[in-house]
Amino acid sequence: MKKVLLIIVASVFSFSTAMADVMVSAGLSYNQSVFAAEGRERNYDYQGTIFTDIREYGAFEDSYPSIFAEIGNGTIGLGLSYVTQAIETPTNSSEQVQITNATSSTETVKAEFKDLTTIYAIARLPVWGMYLKAGISQVDVDVTETNASANYQDTDTDGYTVGIGIEKDLGGVGIRAEITGHEFDDVNANNGKGAGTADANVIDVTELIGATATISIVKNF
């Protein structure tokens, strides 16, 4: 997916050189998002037998800044946005029991979504400064676990986004307000050992969706 994004970015700039009336825009955004998903964590003992299987559906919210740049002709265009900080889930705690020595420990798990990058098309409507957006996204997923025995491997996921917004010119700069929806592919992470093997820890995240309200300052050149 990262290679695809790079190819699209290169295509955008190649496309811009062929346009007669090129308008370049750049901006800074503040985002308030809510995400929801179903998570499942499976832990296996030294024999490869599952001894805990936790499944929950939950939601979390976070706020974060992002930057973007667009190239178009004033009616349609292509854009690239990048989230400059990690989006963090709340920390989840669980009590783990070791069958071999009858001891227990508290483990905490959280995930960070890093380097969220979106390539999108934008189409401006001829009423009230409204516009529509649709694009594809890619984000790295870093799962951290307090228990040293469960060192989850980093992964990534791809997704789609659609949105609607409105832009008002304030003389030299513009202000945008928009709402976007997100859907991401399923995420799987483990501690280097697959399901059914000794001492494996496996996390699956499915049905990952979200919505974001965004306020942006944009400069058109």
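The values are calculated or read from the model by the stated rules, or taken from the named source; none is laboratory data. Please read these numbers as outputs of a predicted model, since none were measured by experiment. Here the Cβ positions follow ideal geometry from the backbone for every residue, glycine too, while neighbour counts run over all protein chains shown.
Please state which one of A200, A211 is surrounded by 15 or more Cβ atoms within 10 Å (Cβ to Cβ) and farther than 30 Å from Q47 by Cβ.
A211
Specify the residue that is farthest from G210 (Cα to Cα); the eligible residues are those in the range 126-156 that are modelled with pLDDT under 95 and of a type in the set (S, T, Y).
Here the answer is S149.
Within the range 31-55, work out how many residues are among the small types (G, A, S) and surrounded by 15 or more Cβ atoms within 10 Å (Cβ to Cβ).
Of the residues in the range 31-55, 3 are among the small types (G, A, S) and surrounded by 15 or more Cβ atoms within 10 Å (Cβ to Cβ).
Which numbered condition trips up K3, out of (1) farther than 19 Å from I215 by Cβ; (2) at pLDDT 85 or above?
Failed condition: (2).
Does G196 count as closer than 25 Å to P126 by Cβ and touching a residue at least 12 places away in the same chain (Cβ under 8 Å)?
Considered against the rule, which asks whether it is closer than 25 Å to P126 by Cβ and touching a residue at least 12 places away in the same chain (Cβ under 8 Å), G196 comes out as no.
List pairs: first in the range 66-86 and surrounded by fewer than 16 Cβ atoms within 10 Å (Cβ to Cβ), second assigned to a loop (DSSP other than H, G, I, E, B) and β-branched (V, I, T), Cβ under 8 Å, 6+ apart or cross-chain?
I67/T84; N73/V22
For the range 178-194, check the following and say yes or no: at least one residue is in contact with an Asp or Glu (Cβ under 7 Å, 6 or more places away or on another chain), assigned to a strand (DSSP E or B) and at positive phi.
Looking for residues that are in contact with an Asp or Glu (Cβ under 7 Å, 6 or more places away or on another chain), assigned to a strand (DSSP E or B) and at positive phi, one finds none in the range 178-194, hence no.
For the range 195-221, give me each residue that is closer than 30 Å to K168 by Cβ and in a strand (DSSP E or B).
Once the filter is applied, which keeps residues that are closer than 30 Å to K168 by Cβ and in a strand (DSSP E or B), the range 195-221 yields I209, G210, A211, T212, A213, T214, I215, S216, I217, V218, K219, N220.
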